1. Residue 62 passes all but one of (1) within 16 Å of residue 142 (Cβ to Cβ); (2) at pLDDT below 80; (3) in contact with a helix residue (DSSP H, G or I) (Cβ under 7 Å, 6 or more places away or on another chain); which number fails?
2. Residues in the stretch 235-250 that are surrounded by 14 or more Cβ atoms within 10 Å (Cβ to Cβ), at pLDDT 85 or above and assigned to a helix (DSSP H, G or I): how many?
3. Only one of (1) part of a helix (DSSP H, G or I); (2) at pLDDT below 70; (3) exposed (fewer than 12 other Cβ atoms within 10 Å of the Cβ) is not met by residue 170, so which one is it?
4. Which condition breaks for residue 93 when tested against (1) within 17 Å of residue 52 (Cα to Cα); (2) modelled with pLDDT under 90; (3) part of a helix (DSSP H, G or I)?
5. If you check residue 115 against the conditions, is it out of contact with any helix residue (DSSP H, G or I) (no Cβ under 8 Å at 6 or more places or on another chain) and at pLDDT 85 or above?
6. Given the criterion at pLDDT 80 or above, over 29 Å from the mean Cα position of the chain (by Cα) and either farther than 30 Å from residue 29 by Cβ or loosely packed, with under 12 Cβ neighbours inside 10 Å (or both), identify the matching residue among 279, 232, 272.
7. If you check 107, 139, which single one turns out to be modelled with pLDDT of 85 or more, under 17 Å from the mean Cα position of the chain (by Cα) and within 15 Å of residue 233 (Cβ to Cβ)?
């Protein structure tokens, strides 16, 4: 009953001893691989370019409180070739010596904000100024495209308002003239039928004038700057350095080197064990 625990304990001590002996016998290999990993990490830190990310939330241009296009439509359009103007293509590919890419889908990243009617845009470039200029140029290109979509709708509403105001002036003048005729009719004809006809016509014309005035007022409000605006940033553009921390890179590279060293050490140990078994088999 007491021999089993002692045997198990001795096996655990033996296993720990073997592990320690394994690391001790391969300490130079593990150390060399860890050092190589650290050196590779330092080279990456030294030669890898910085990354700066510019981010901004974009609100759609609108007329009379309605967007000129949906966020989903714009999200698909900006991925199409030739959507952006040449200045935007040049600004977002400053270091490209060959022909410019006609699409910025790999540079400009977009994300639809589900909780609000915004489209989040972000670009990542080596320097802060390049990222800021690229995103600003992209926003200006989108604003130009939406302005072209916005002009017809605004023109239609302005023409509709002008026609309605002209018709309203004509009806108001007719209403005033009819009011004068009512006053004359009261003097000339005191019959009930005439008075009822005049009153009914007057009320109908008054209602029509009131409805047209309300419609004109609604159109005027819809064309105000508060109801119609161009493409704009909801929040100020932010630019942050998204390059990995040097210490973190060095740590990951060192751990990666140690992991490779451990695999090599296990492989060497396994080869030695197999080679020893084959040699013993040949000897017997």
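The values are calculated or read from the model by the stated rules, or taken from the named source; none is laboratory data. Predicted, not measured: the structure shown is a model, and the values here were computed from it. Methodologically, a virtual Cβ is constructed for each residue, glycine included, from the backbone with ideal geometry; neighbour enumeration extends over all protein chains shown.
1. (3)
2. 1
3. (2)
4. So the condition that residue 93 fails would be (3).
5. no
6. Going through 279, 232, 272 in turn, the sole match is 272.
7. Residue meeting the stated conditions: 139.
Residue by residue, here is whether (1) part of a loop (DSSP other than H, G, I, E, B); (2) at pLDDT 80 or above; (3) more than 21 Å from residue 147 (Cβ to Cβ) holds:
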| residue | (1), (2), (3) |
| --- | --- |
| 69 | yes, yes, no |
| 80 | yes, yes, no |
| 83 | yes, yes, no |
| 88 | no, yes, no |
| 97 | yes, no, yes |
| 111 | no, yes, yes |
| 129 | no, yes, yes |
| 132 | no, yes, yes |
